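Report on the following structure.
Every read-out reported here was derived from the displayed coordinates using simple, explicitly stated rules and does not represent laboratory data. Remember, predicted model here, so these are calculated numbers, not experimental data. Glycine also receives a Cβ, built like all others from the backbone with ideal geometry; neighbour counts cover every protein chain displayed.
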Amino acid sequence: MDQSLYLISFIALAALATVATRALPFLFLSRHSQHPLLEYLGRYLPPVLMVLLVVYAVSDLPMANQQWVISLGSLILLAVTQWLSKNALLSIALGSLLYMLLI
Amino acid sequence: MHLFRLSLPVLFGYLPLGMAFGVLFVTELGLDWYWAVAFSVIVFAGSAQFLSVGLIANHAGLLEVFVAVFLLNSRHIFYGLTLLSSLKLTGWRKAYMVFALTDETFSLITGLPKESGLQQQDYWRLAGINQSYWVFGTLIGALLGAQLTLPDLGLEIVLPALFVVLAVEQYRTHRAAGLMLIACLIGLIAIWLWQDQMLLLSITTALVLMLINYLRQRWTSHSI
């Protein structure tokens with residue numbers, strides 16, 4: 001597919017998917033806001049999804065020739081910093097800097 | 001001026017993050033700056049935009065794009081549910097408010113103290129001010145990124161970094177270690193089985209397992 005066409009379809013679908021999540025309650029869900037399935041998914045889907053996204057994103061990092069030590073090491077430093085400081089900008093800056101210096 | 005002061009915390013978050021998105025987008029993908037700006041104007045969803053960089057780099061299928069972005073943003077469904085009865089805006093103002101209901105705007109308008117004296121009419125303006133920070137940050141970042149001549153800074157770390165932060169915060173809130181460990185296993189198996197469609201495969205598997213678990217829980221609680 002032509003690059004511009006791909007990007008335009010990509011933006012359109014990403015926008016549609018985003019708006020769908022924000023508009024759904026106003027359009028359909030007003031009578032189901034207490035439904036136990038919604039409560040269950042609302043509680044447990046986000047942690048599951050975040051882990052899957054971590055695995056997805058990490059799989060794009062360089063892993064060959066001991067580079068995995070740098071990749072995983074900086075992310076572990078980042079996770080520990082975030083756990084202790086609760087400061088997202090600080091943790092991302094620290095972890096990314098370590099990675100970018102070593103890789 | 002009053003609205004500007006209220007939006008300052010969002011400014012400090014959106015400007016650097018928007019810039020990071022702009023830089024990452026043009027340097028990782030080698031695309032023109034206006035594509036990055038188009039994402040921030042039309043899609044306007046922080047973590048989904050960062051994920052998009054990875055998805056475009058991998059030439060992800062459009063179905064995978066839709067499913068991944070929808071589920072990543074699915075937390076917004078619960079923002080809408082919270083505002084359902086209290087949001088009094090109508091017409092295009094309401095439409096824009098719903099379109100621009102990001103994490104930050106939601107927490108800003110639901111966390112406002114009573115004495116802030118804010119009218120409903122100010123909500124969509126506040127949402128608009130917040131989006132302008134995001135778009136402006138993206139623009140600066142994308143233009144800066146286009147000037148960078150260094151071939152490889154190692155910026156690919158930003159996407160996993162963002163999701164690790166979000167995962168840590170999810171763990172802090174829910175302490176669902178077992179669940180997250182299973183999710184990790186599913187993710188690794190999905191990469192091993194079908195790397196090209198890893199997200200679609202792992203998200204679908206996780207959703208099916210969660211539905212089964214939900215039905216099982218309902219079943220046992222009813223039969224007691």
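What the table below lists for this structure:
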{"read-out": "Chymotrypsin sites (Phe, Trp or Tyr not before Pro) within the range B:107-144, DSSP loop, no more than 13 other Cβ atoms inside 10 Å", "value": "none"}
{"read-out": "Chain B: calculated mean residue ellipticity at 222 nm from DSSP helix runs of at least 4, using -39500 (n - 2.57)", "value": "-25000 deg cm²/dmol"}
{"read-out": "Relative compactness, the protein assembly as shown, computed as alpha-carbon Rg over 2.2 N^0.38 Å", "value": "1.00"}
{"read-out": "Inter-probe distance in nm under a simple model that places probes 7 Å from Cα toward Cβ, at B:D196 and B:T173", "value": "3.5 nm"}
{"read-out": "Neighbour-count ranking [beta-carbon atoms within 10 angstrom, fewest first] of A:V19, A:V51, B:V67", "value": "B:V67, A:V19, A:V51"}
{"read-out": "Long-range Cα-Cα pairs in the range B:182-224 (distance over 14 Å), rounded percent", "value": "53 percent"}
{"read-out": "Semi-axes of the equivalent ellipsoid for the range B:50-197, Cα gyration tensor, largest first, Å", "value": "32, 23, 16"}
{"read-out": "In the range B:146-224, trypsin sites (Lys or Arg not before Pro) in a DSSP loop with at most 11 other beta-carbon atoms within 10 Å", "value": "B:R175"}
{"read-out": "Stretchable slack from B:L84 to B:L62, in nm (0.36 nm times residue separation minus alpha-carbon distance)", "value": "4.9 nm"}
{"read-out": "Convex hull per residue volume in Å³, alpha carbons only, for chain A", "value": "177 Å³"}
{"read-out": "Chain lengthening between A:I76 and A:H35 when straightened (0.36 nm per residue, less Cα-Cα)", "value": "11.0 nm"}
{"read-out": "Estimated FRET transfer efficiency when R0 is 35 angstrom, pair B:L188-B:Q119 (beta carbons, to 0.05)", "value": "0.10"}
{"read-out": "Test item: A:68-78 mean partner chain Cβ contacts at 10 Å", "value": "2"}
{"read-out": "Ratio Rg/Rh, restricted to the range B:131-185 and using Cα atoms, in which Rh is the Kirkwood radius", "value": "1.18"}
{"read-out": "Two-site FRET efficiency, A:Q67 against B:Y214, from Cβ-Cβ distance with R₀ of 51 Å, rounded to 0.05", "value": "0.80"}
